[in-house]
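Here's the structure we're looking at; comments come further down.
The values are calculated or read from the model by the stated rules, or taken from the named source; none is laboratory data. Here the structure is a predicted model, which means the values were calculated and not measured. Here Cβ is always computed from backbone atoms with ideal geometry, including for glycine, and neighbour counts include all displayed protein chains. Just the protein is used for accessible areas: all its heavy atoms, side chains included, with ligands, DNA and RNA removed. Shrake-Rupley method; radii C 1.70, N 1.55, O 1.52, S 1.80 Å.
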Amino acid sequence: DTAGKVIKCKAAVIWEKSAPFSIEEIEVATPKAHEVRIKIIATGICRSDDHAVEGKLSNVKFPIILGHEAVGIVESNGENVKHIKPGDRVIPLFVPQCGQCMCCKDSRSNICIAAKLKKSVGVMSDGTTRFTCRGKQIYHFVNTSTFTEYTVVEEMAVTKIDSGASLDNTCLIGCGFSTGYGSALNTAKVHPGSTCAIFGLGGIGLAVIMGCKIAGAGRIIGVDVNPDKFNIAKELGATECINPKDYDKPVAQVILEQTGGGVDYAFECVGHIETMLAALNSSHFAYGTTVIVGVSAPESTITFDPMILLSGRTLKGSVFGGWKSKDSVPQLVSDSMAKKFDLEKLVTHRLPLDKINEGFDLLHSGKSIRTILLV
Ligand code: NAD
Ligand code: FXY
Ligand code: ZN
Ligand code: ZN
């Protein structure tokens, strides 16, 4: 029985910016009040983890334990944890839902104030961390930190899921699947018969396609500079795919020409300013909506003629697909168990946690969609 004791276990630590993952023995402290200690079973590799390694996410501090897309089992609770008990299957939530703040209480938003999206400093609410390694404090990542056998999160950043849910690809509901799927359904609110363009066909963009398809979109245009992604995009519902490298004019112009004036909904799932502008410029005047999902480098800015918006386009952003996390994740898990969508389509590789660096190599080479690390 480990409850009430410090746990020594294995984790993948990043000691400094751009360094490889180092498999280490760490100590995981007991959870304090309102905190939950979780045994991680499976965790996916998302491009945001790679952004963090490369110092492209604001306020990430090293050394750190990354990872935020996971499924696991509660090992023990701190005091005053109300709705979760040891043994429960859970998904950690990189966007928490405190239920008390003005954003949680407002039906228009899923971004809880406690998410501290732009100023998360990698510590728990008491200002300390629950991880140490070689005598040093190790920082947490976006309320989760899942590239480890055990983690500690706030109760508001974890939700109980069905006790029969798989302890494998269900991890994708913790980020990639839900982010893309919800961007189509909640943020864009794709309507039947509409035309959609998806820039970037990684885990996020492909999940957007799954959402567009379920919403009944008539045309779904996948855009990627890596044509190896086109088969899977079409299998999931893309009606056509465009490689910008095949044209000597801007891809937005190609899309305007092929759609008779632009798309109803454009999604940016890369994280580059150029593709954000291309998405915006490929949306139809008078009613087109563009959703930014990709995360750009800190301090980057975007410039465009305001006439773009004045003439009827809408530009918005979406974090975690607009889902209020604690409320929605259990239902998404149930929908997955009911085969409403197939998470396995997004999984290309499985590796043990020890081989995490190979998993990131696969992401860099463009060979993987999602790699699941089995912890
Ligand atoms: P990924 O690397 O698997 O996919 C990105 C895709 O974009 C790749 O297929 C790549 O070939 C393609 N691409 C690169 N340059 C391109 C270009 N110029 N034009 C068209 N396609 C191009 O990444 P992912 O895990 O799918 O994540 C995508 C983005 O979404 C990242 O920036 C990530 O940080 C972000 N993200 C945001 C949220 C959120 O809540 N908003 C959640 C998860 C991930
Ligand atoms: O991939 C999932 N989450 C990222 C770590 C952060 C996404 C939103 C960042 C907004 C500042
Ligand atoms: Zn992610
Ligand atoms: Zn809140």
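Do we find a residue being open to solvent by 50 Å² or more (accessible area, probe 1.4 Å), more than 16 Å from ligand 1 (Cβ to nearest atom) and under 24 Å from Val375 (Cβ atoms) anywhere in the range 90-105?
No, the range 90-105 contains no residue that is open to solvent by 50 Å² or more (accessible area, probe 1.4 Å), more than 16 Å from ligand 1 (Cβ to nearest atom) and under 24 Å from Val375 (Cβ atoms).
The numbered conditions (1) open to solvent by 30 Å² or more (accessible area, probe 1.4 Å); (2) touching a residue at least 60 places away in the same chain (Cβ under 8 Å) are all true for Ala266 except (1). Selection over the range 283-307 of residues that are in contact (Cβ under 8 Å) with a residue 24 or more places away in the chain, in a loop (DSSP other than H, G, I, E, B) and more than 16 Å from ligand 2 (Cβ to nearest atom) gives a count of 6.
Just to be sure, is Gly72 farther than 23 Å from Ser318 by Cα and either open to solvent by less than 10 Å² (accessible area, probe 1.4 Å) or in contact with a Cys (Cβ under 8 Å, 6 or more places away or on another chain) (or both)? Here the answer is yes, as Gly72 does meet what is asked. Is it true that Leu256 is open to solvent by 30 Å² or more (accessible area, probe 1.4 Å) and either of a type in the set (Lys, Arg) or farther than 17 Å from Ile292 by Cα (or both)? Yes; evaluated as a whole, the condition is true for this residue.
Count of the range 106-131 residues, restricted to those that are farther than 16 Å from Gly322 by Cα, surrounded by fewer than 17 Cβ atoms within 10 Å (Cβ to Cβ) and among the polar types (S, T, N, Q), is 2. Taken as a whole, the range 43-51 holds at least one residue that is closer than 27 Å to Val347 by Cβ, among the acidic types (Asp, Glu), in contact with a Phe, Trp or Tyr (Cβ under 7 Å, 6 or more places away or on another chain) and surrounded by fewer than 19 Cβ atoms within 10 Å (Cβ to Cβ).
Pick from Ala233, Ala238: which is within 20 Å of Gly294 (Cα to Cα), open to solvent by less than 20 Å² (accessible area, probe 1.4 Å) and in a loop (DSSP other than H, G, I, E, B)?
Matching residue, one of Ala233, Ala238: Ala238.
Out of curiosity, is Asp126 in contact (Cβ under 8 Å) with a residue 24 or more places away in the chain, charged (D, E, K, R) and away from ligand 3 (no atom under 16 Å from the Cβ)? For Asp126, the condition - in contact (Cβ under 8 Å) with a residue 24 or more places away in the chain, charged (D, E, K, R) and away from ligand 3 (no atom under 16 Å from the Cβ) - is met.
Identification of strands (runs of 3 or more DSSP E) wholly contained in the range 2-109 with 1 or more residues that are over 30 Å from Ser296 (Cα atoms), among the aliphatic types (A, V, I, L, M) and in contact with a strand residue (DSSP E or B) (Cβ under 9 Å, 6 or more places away or on another chain) yields 7-13, 22-28, 35-44, 69-77.
Yes or no, residue by residue, for (1) open to solvent by less than 30 Å² (accessible area, probe 1.4 Å); (2) in a helix (DSSP H, G or I):
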position: Leu309; (1), (2): no, yes
position: Gly321; (1), (2): yes, yes
position: Ser328; (1), (2): yes, yes
position: Arg350; (1), (2): no, no
position: Lys355; (1), (2): no, yes
position: Leu363; (1), (2): yes, yes
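Every residue, every condition in (1) more than 16 Å from ligand 1 (Cβ to nearest atom); (2) in contact (Cβ under 8 Å) with a residue 40 or more places away in the chain; (3) within 21 Å of the chain's Cα centre (by Cα), yes or no:
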| residue | (1), (2), (3) |
| --- | --- |
| Lys17 | yes, yes, yes |
| Ala29 | yes, yes, no |
| Arg37 | yes, yes, no |
| Cys46 | no, yes, yes |
| Asp50 | no, yes, yes |
| Leu57 | no, yes, yes |
| Leu66 | no, yes, yes |
| Val71 | yes, yes, yes |
| Ser76 | yes, yes, no |
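Tell me whether the range 294-302 contains one or more residues that are open to solvent by less than 20 Å² (accessible area, probe 1.4 Å) and either within 17 Å of Thr187 (Cα to Cα) or aromatic (Phe, Trp, Tyr) (or both). Yes: one or more hits. Restricting attention to the range 330-348, the residues that are outside any strand (DSSP E or B) and open to solvent by 50 Å² or more (accessible area, probe 1.4 Å) total 8.
The residues on offer are Lys160, Lys245, and the sole one that is on the phi < 0 side of the Ramachandran plot, surrounded by fewer than 20 Cβ atoms within 10 Å (Cβ to Cβ) and touching an Asp or Glu at 6+ places or on another chain (Cβ under 7 Å) is Lys160. In the range 211-230, the residues that are open to solvent by less than 20 Å² (accessible area, probe 1.4 Å) and at pLDDT 95 or above form Cβ pairs under 7 Å with partners that are assigned to a strand (DSSP E or B) and among the acidic types (Asp, Glu), at six or more places apart or across chains, as follows: Ile221/Glu240. Where strands (runs of 3 or more DSSP E) sit wholly within the range 126-205, none has at least 1 residues that are within 14 Å of the chain's Cα centre (by Cα), at pLDDT 95 or above and within 16 Å of ligand 1 (Cβ to nearest atom).
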